[in-house]
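Asker: Here it is, the structure, as structure tokens.
Nothing in this text is a laboratory measurement; each read-out follows from the coordinates by a stated rule. Only a predicted model underlies this, so the values are computations on that prediction, with no experimental measurement involved. Positions of Cβ are generated from backbone atoms using ideal geometry, with glycine treated the same way; all protein chains shown enter the neighbour counts.
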Amino acid sequence: MTVIKHDDLIQSVADALQFISYYHPLDFIQAVNAAYEREESQAAKDAMAQILINSRLCAEGHRPICQDTGIVTIFVKVGMEVRWDLGGLSLDDAINEGVRRAYLNPDNILRASILRDPAGKRQNTKDNTPAVIHYSIVPGDKLDITVAAKGGGSENKSKMVMLNPSDSIVDWVLKTVPTMGAGWCPPGMLGIGIGGTAEKAALLAKESLMDPIDIHELIARGPQNRVEELRLELFEKVNALGIGAQGLGGLTTVLDVKILDYPTHAASLPVAMIPNCAATRHVHFVLDGSGAAEMPVPKLEDWPKLTFDASKSKRVNLDTVTPAEIAEWQPGDTLLLTGTMYTGRDAAHKRMVEMFAKGEKLPIDLKGKFIYYVGPVDPVRDEVVGPAGPTTSTRMDKFTDTVLAETGLYGMIGKAERGASGIAAIKKHKAAYLMAVGGAAYLVSKAIRHSRVVAFEDLGMEAIYEFVVEDMPVSVAVDVQGNSVHETAPKIWQAKIGKIPVTQ
Ligand code: SF4
């Protein structure tokens, strides 16, 4: 009889979360590397190089792949003959104790991103609990667990539809993926759930993302059923949209398309689609009563050895840059930033705008500066700052006009595209919007030489920090005329790939 012990379960969950915070799955590394090698768009190739370099640094340094260390999502298959010795804890409580220990581990502190009272006070639980846990009861005497840490940027782009049975799933996916922008940090995977009910389709979509990337095996052996045909069709047609890594235009947007299906009602065709990002993080283990799970430590030789080619980048001194210099930047240019910048994301922007409305003065002078949309991980050991990649910029669009008008900022640095109101504000104020690579957070943190909190300290990771950076790589995403690389580049690459007509 298998007895699952309290310590073994908690230790296994904690170890799994630490493990996936710094080790990408090997299949993901191999797929990004293959996409990097065949990519013809220089901007997308550079972005994938940064993702791969970041991944290797994280594996070496045991630090998080991304500053967003995710919402913990766990699939548990409970063998019906399993017995429990959990010291009075429920299974949920024991799993959450594992989450707590992982996120508070002082050797590799992980950012706590989970808020209770989501429609109200939105207070951080401070230890990233609770996890979202899905159970199924199966025959046998083992506990089969898959642990994932899902980034908010990619989760936010999830889509769900109740199609008519005669509608085309392919048409819906091809119409929907461009509306997701690049905030889900491609290249990644699409998980698609088809059938069942609305909630069953969403669960299938999420569960499908736990499988390894194997589309190339499917291409080689050929499809054997309708779901495999759909996977191949969608893989080819989504990549033909030309969105590319980070939305910069290119050959690879998705590394795989996963599909799980389930019988459904004659009147229904529920479809859910959930993307997985450049910080794809999951691991699977089985507990059989013999002790805590051992995670298979990968070999560093399995990561490609790349270095970032800075030869085509313009160097920019943030302390002396002028509007005339900024006006020369073209969408798609790569810049290396050196000097002082400030940080600020959702909560800091909300507070700044509230202060302006009350006629209050900000505690810092942002005139002629750049603001970086980031919420960094706390540092450990001798680090200046923990992993500090960009967060999704469109969330700041509604504040942008006011913040630019009131502060005299020269520009912003963030992740993925801007929306129409953000672009209009950038054009109106002759500002520039620069983009750092989502999913290259540890690499970005290596460019940060000094960091200190200068305002709104009570906001924790959302406080305003002053960063002094050296050679921080970014791309020009929106120029002073309001031209956006995310609007132009995918169209150019879609036309180049030429498989399907250019859509508006
Ligand atoms: S890679 Fe992008 S979407 Fe994924 S966790 Fe990081 S910032 Fe979020």
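Asker: To the nearest 10 degrees, how steep is helix 42-61 against the longest Cα principal axis of the chain, on a 0 to 90 scale?
Answerer: With both axes taken from Cα atoms, the answer is about 60 degrees.
Asker: For residue 481 and residue 126, compute 0.36 nm times the residue count separating them, minus their Cα-Cα distance, and round to one decimal in nm.
Answerer: Stretched out fully, the residue 481 to residue 126 stretch lengthens by 123.6 nm.
Asker: Students often forget the sequence filter, so: which aspartates and glutamates lie under 20 Å Cα-Cα from residue 430 once same-chain residues fewer than 8 apart are removed?
Answerer: Result set, ordered by chain and number: 319, 325, 328, 333, 365, 397, 401, 406, 417, 479, 487.
Asker: Once fully extended, how much extra length lies between residue 228 and residue 406, figured as 0.36 nm per residue of separation less the alpha-carbon to alpha-carbon distance?
Answerer: The span from residue 228 to residue 406 would gain 58.7 nm if fully extended.
Asker: Can you compute the FRET efficiency between residue 491 and residue 115 using 1/(1 + (r/R0)^6), with r the Cβ-Cβ distance and R0 = 25 Å? Round to the nearest 0.05.
Answerer: Working: r = 38 Å, r/R0 = 1.50.
With R0 = 25 Å, the Cβ-Cβ based efficiency is 0.10.
Asker: Looking only at the chain, where both bridge partners belong to it, what percent of the DSSP beta bridges are antiparallel (to the nearest 5)?
Answerer: Beta bridges within the chain, antiparallel portion: roughly 60 percent.
Asker: Return a whole-number percent for the relative contact order of the range 4-162, with Cα pairs under 8 Å and 6 or more residues apart as the contact set.
Answerer: Relative contact order for the range 4-162 comes out at 34 percent.
Asker: Mind running the shape call on the range 206-294? Use the C-alpha gyration tensor, a ≥ b ≥ c as the square roots of the eigenvalues: rounded below 1.5 for a/c, prolate if a/b tops b/c, oblate otherwise. Before the final figure, lay out the partial values.
Answerer: Details: a/c = 1.82, a/b = 1.27, b/c = 1.43.
Oblate, since a/c reaches 1.5 and b/c is not below a/b.
Asker: In addition: Output the peptides 424-436, 318-330 sorted from most to least packed, where packing is the average of other Cβ atoms within 10 Å over each peptide's residues.
Answerer: 424-436, 318-330
Asker: OK, next. Run the numbers for residue 81 and residue 301: contour at 0.36 nm per residue of separation, minus the present Cα-Cα distance, in nm.
Answerer: 75.1 nm
Asker: Also, quick follow-up: Order 298-308, 366-376 from most to least packed using the mean count of other Cβ atoms within 10 Å.
Answerer: 366-376, 298-308
Asker: Still on this structure, please answer the following. What is the chain's relative contact order, in percent, from Cα pairs under 8 angstrom and six or more apart in sequence?
Answerer: Result for the chain is 19 percent.
Asker: Take 134, 24, 486 and order them by how many other Cβ atoms sit within 10 Å, fewest up front.
Answerer: 134, 486, 24
Asker: Using the structure shown, list the pairs from 150/305; 258/350; 126/312; 5/150; 206/446; 258/305 with a Cα-Cα distance above 31 Å, or answer none.
Answerer: Check vs 31 Å cut-off fails for 258/350; 126/312; 206/446.
Asker: If you wrap a convex hull around the alpha carbons of the range 1-150, what volume per residue comes out, as a whole number of Å³?
Answerer: Numbers: hull volume 22.3 nm³, N = 150.
Roughly 149 Å³ of hull volume per residue.
Asker: A follow-up question, please. Over the alpha carbons of the range 111-231, what is the largest minus smallest coordinate on each principal axis, giving the biggest first in Å?
Answerer: Its Cα atoms span 48, 44, 29 Å along the three principal axes.
Asker: Using DSSP, restrict attention to beta bridges with both residues in the range 313-489 and report what percent are antiparallel, rounded to the nearest 5.
Answerer: Counting DSSP beta bridges with both partners in the range 313-489, the antiparallel share is about 55 percent.
Asker: Place the peptides 265-274, 408-417 in order of packing, highest mean first, counting for every residue the other Cβ atoms within 10 Å and averaging per peptide.
Answerer: Ranking the peptides 265-274, 408-417 by packing returns 408-417, 265-274.
Asker: Now a separate question. Just tell me which aspartates and glutamates come within less than 16 Å, Cα to Cα, of residue 121; anything on the same chain fewer than 8 places away is out.
Answerer: Those aspartates and glutamates meeting the cut-off are 346, 458, 462.
Asker: Same structure, new question: If you take every DSSP beta bridge whose two residues both sit in the range 1-150, what share of them, in percent to the nearest 5, is antiparallel?
Answerer: Beta bridges within the range 1-150, antiparallel portion: roughly 50 percent.
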